Amino acid sequence: MESQVLQFISEFTGVSINKISLDTLINDDLGVDGDEGADLLIEFSERFNVDISGIEKVYFGPEGFNPFIIFFHAVKACVDGYGSVPDKYSPFDLPLNN
């Protein structure tokens with residue numbers, strides 16, 4: 001199942017499967033956000049017969065680049081400390097059966 005999910009992500013994003021692992025962050029590492037993220041969830045649910053109707057968490061942010069975000073992260077880094085890693089979005093927790 002794991003290889004099928006990685007193959008799906010590769011096909012959807014156009015990124016080589018060799019560059020994708022279970023630790024890959026779809027939004028941060030592969031640039032999938034906004035409507036594209038919603039499309040990914042819909043296609044994933046259809047391909048793997050997963051019910052996504054109960055999803056309430058935010059997994060993807062808006063598309064595009066907001067220059068204010070650089071300022072925000074700089075201030076947050078000063079407040080939180082430079083070594084902290086922000087939790088932007090909830091990670092997917094998919095039980096994969098091999």
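For segment 65-79, state whether one or more residues are open to solvent by 80 Å² or more (accessible area, probe 1.4 Å) and either at pLDDT 85 or above or within 17 Å of the chain's Cα centre (by Cα) (or both). For segment 65-79, residues open to solvent by 80 Å² or more (accessible area, probe 1.4 Å) and either at pLDDT 85 or above or within 17 Å of the chain's Cα centre (by Cα) (or both): present. Each residue in segment 1-47 was checked for being touching a residue at least 40 places away in the same chain (Cβ under 8 Å), open to solvent by less than 80 Å² (accessible area, probe 1.4 Å) and part of a helix (DSSP H, G or I), and 3 of them qualify.
The values are calculated or read from the model by the stated rules, or taken from the named source; none is laboratory data. Because the structure is a prediction, the values reported are computed rather than measured. Note that we place each Cβ from the backbone using ideal geometry, even for glycine, and neighbour counts take in every protein chain shown. The protein model used for the area step is the full one, side chains on, heavy atoms only, and it has no ligands, DNA or RNA in it. Shrake-Rupley method; radii C 1.70, N 1.55, O 1.52, S 1.80 Å.
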